[in-house]
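**Student:** One structure is given below, represented as structure tokens, and several questions about it will come after.
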Amino acid sequence: MPRSIIVGSGKSIPPICVTNDMLSRVMDTTDAWIQERSGVQTRYYVEKGTSTADLGAQAAAEALANASVDKDEVDLLISATMTPDHYFPGNGGLIQKRLGMKPVASFDIRQQCAGFLYAMQLADAHVRAGLAKTVLVVGHEVHTGFMPYSENSWACLYGQSEKVTEAEWEWNNRFRHLVVLFGDAGAAVVVKATDDERRGVVDSLLRTDGTDFDKLYVPGTGFRHRPYTDPAQFERGDHVPVMDGRHVFKMATTRMIEASQQVLARNGVKPEELKLVLMHQANKRINEYCAKQLGLREEQVLHNIERYGNTTAATIPLLWDEAARAGRIAPGDPILMVAFGAGMNWGATLLRA
Ligand code: ACO
């Protein structure tokens, strides 16, 4: 049975670097609070008008070039995002169009922060079943559409306006625990079938439990409402995600540790044997706790949350791209990917590079 290996990767980081001090111009927050509670120092925002599919297509083009794979070789495209350009269609076709690819099978999946792991399992299953030989997997997000700021708040954040009004300050504070965490980014990998049994995806453990879905979700602008979007929802702020941070923190640590231990145990791999662990970057404290409980050494665990914040489905391919380009991944290296996010969806994927 063929196995799936990652043969190239790419990323797209938007141009606007936003510091914690810039955020403190428009809400009651500080660089010290954000760094201490989450580890985030900067994040990148797109210019107004740049979309998720724009970032995804750029990252995908870079991944194809890095893999020396022609776009016409791709026979499956998987797009993972929770911030698609449109309600429908999904971003798969938009990326296919932007890259000028021939018509291919494509999936649009939305498992939020666990999206890339779900996408990798889908890619691997197609490869193992002989349904695909070359798969383009794209994780991409533009979170700035969630940011609840008025035009004046945006101008103030960028230093183009003196200050926000009292009402704007209050409004922005309502969402401060959430907005400081997120950044925009796209990242992609090219997966290819190989007959080399010493390499490729070994095993994936994926789980969804919707019991607590409302601890992290977007209450408004959905088809539970008629019409699905209206000014009253925006006035209430229902277009911005609701997040019970402490609850999600506890669930993330529990589930990420559990999934990692299970997938390692059932494949007879010890944590200390892993070359790298690529953890979703929602909060540096979550990852430090998980790393400690799993008994991992510092050099096994990569972090980039300090630069990019949480980039949801783009996070793990972004970590992969940086590690691969830094020469930290050699063929055959055992690598664990692990993530937890809204849904709640989580998982762990073990592979040999
Ligand atoms: N600046 C300053 N103070 C703040 C801010 C801010 N940006 N945000 C909240 N605070 C205040 C709170 O109001 C609270 O004040 P109080 O004590 O007076 O009530 C205090 O800081 C502590 O708030 P907590 O919510 O308890 O802070 P915590 O240490 O839990 O950190 C955080 C909050 C960073 C959100 C954390 O809970 C977290 O990271 N949770 C998990 C997030 C996550 O994993 N999300 C999943 C992925 S996202 C996805 O799937 C889409």
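**Student:** What lysines does Lys250 reach when the alpha-carbon gap must be under 25 Å and sequence neighbours fewer than 8 apart in one chain are set aside?
**Tutor:** Lys215, Lys270, Lys284, Lys292
**Student:** For region 167-244, which trypsin sites (Lys or Arg not before Pro) are both in a DSSP coil and crowded by at most 15 other Cβ atoms within 10 Å?
**Tutor:** When the trypsin sites (Lys or Arg not before Pro) of region 167-244 are filtered for loop state and at most 15 Cβ neighbours within 10 Å, Arg198, Arg224 remain.
**Student:** Using 1/(1 + (r/R0)^6) with R0 = 25 angstrom and r between the beta carbons of Tyr87 and Arg174, what's the FRET efficiency to the nearest 0.05?
**Tutor:** 0.50
**Student:** A follow-up question, please. What GluC sites (Glu not before Pro) in region 175-275 are in a loop by DSSP, with at most 13 other Cβ atoms within 10 Å of the Cβ?
**Tutor:** Within region 175-275, the qualifying GluC sites (Glu not before Pro) (loop, at most 13 other Cβ atoms within 10 Å) are Glu197.
**Student:** Also, quick follow-up: Sort 245-254, 330-339 for me by packing, meaning the mean count of neighbouring Cβ atoms within 10 Å per residue, highest on top.
**Tutor:** Ranking, from highest mean packing down: 330-339, 245-254.
**Student:** Would you kindly derive the ³J(HN,Hα) couplings of region 36-42 from the backbone phi angles with the Karplus curve 6.51 cos²θ - 1.76 cosθ + 1.60 (θ = phi - 60°), listing them in order in whole Hz, with x for Gly and Pro?
**Tutor:** 5, 7, 10, x, 7, 10, 9
**Student:** Figure the gain on full extension for Glu36 and Arg266 (residue separation times 0.36 nm, minus the Cα-Cα span) and round it to one decimal in nm.
**Tutor:** Difference between extended and current length: 79.2 nm.
**Student:** Quick one: of the DSSP bridges fully inside region 3-194, what percent are antiparallel, nearest 5?
**Tutor:** Close to 70 percent.
**Student:** Further question: Of the GluC sites (Glu not before Pro) in region 11-70, which ones lie in a loop per DSSP and count no more than 13 other C-beta atoms within 10 Å?
**Tutor:** Qualifying residues, ordered by number: Glu47.
**Student:** Given the DSSP H assignment, sum -39500 (n - 2.57) over each helix run of at least 4 residues in the chain and divide by its residue total; what's the result at 222 nm in deg cm²/dmol, nearest 500?
**Tutor:** -10000 deg cm²/dmol
**Student:** Separate question: Please work out the C-alpha center-to-center distance from region 239-253 to region 1-75 and express it in whole Å.
**Tutor:** What the calculation gives is 22 Å, centre to centre.
**Student:** Under a point spin-label approximation (7 Å from Cα along Cα-to-Cβ), what is the Arg236-Thr208 distance to one decimal in nm?
**Tutor:** 2.5
**Student:** Applying the Karplus parametrisation 6.51 cos²θ - 1.76 cosθ + 1.60 with θ = phi - 60° to the phi angles of region 124-130, what ³J(HN,Hα) value in whole Hz is obtained for each residue in order, glycine and proline being reported as x?
**Tutor:** Values, residue by residue: 4, 5, 5, 5, 4, 7, x Hz.
**Student:** Moving on. Measuring from label point to label point, each 7 Å out along Cα→Cβ, what is the Asp195 to His303 span in nm?
**Tutor:** The answer from the label model is 4.5 nm.
**Student:** Separate question: Give the Rg (one decimal place) followed by the Dmax (whole number) of region 1-119, computed from C-alpha coordinates and expressed in Å.
**Tutor:** Cα only, region 1-119: 17.3, 56 Å (Rg, Dmax).
**Student:** Of all DSSP beta bridges located in the chain, what percent are antiparallel, nearest 5?
**Tutor:** Counting DSSP beta bridges with both partners in the chain, the antiparallel share is about 70 percent.
**Student:** I've got another one for you. Out of residues 5 or more away from Tyr217 or on other chains, whose amide H comes under 5 Å of its own, with H placed 1.01 Å from N in the peptide plane?
**Tutor:** Val242
**Student:** Note down the relative contact order for the chain as a percent, whole number, built from C-alpha pairs under 8 angstrom at least six residues apart.
**Tutor:** Worked out over the chain, it gives 26 percent.
**Student:** Okay, next question. If you wrap a convex hull around the alpha carbons of the chain, what volume per residue comes out, as a whole number of Å³?
**Tutor:** 131
**Student:** Taking Lys192 as the anchor, which lysines have their alpha carbon closer than 21 Å to its alpha carbon, excluding any fewer than eight residues away along the same chain?
**Tutor:** Lys11, Lys71, Lys102, Lys133
**Student:** For a quick check: with amide H placed at 1.01 Å from N, whose amide H comes under 5 Å from Ala132's, ignoring anything fewer than 5 positions away on the same chain?
**Tutor:** Long-range HN contacts for Ala132: Val127.
Each reported figure results from applying straightforward, stated rules to the coordinates on display, with no laboratory input. Computed from a predicted structure; not experimentally measured. Using ideal geometry, Cβ is built from the backbone for each residue, glycine included, and neighbour counts are taken over all protein chains shown.
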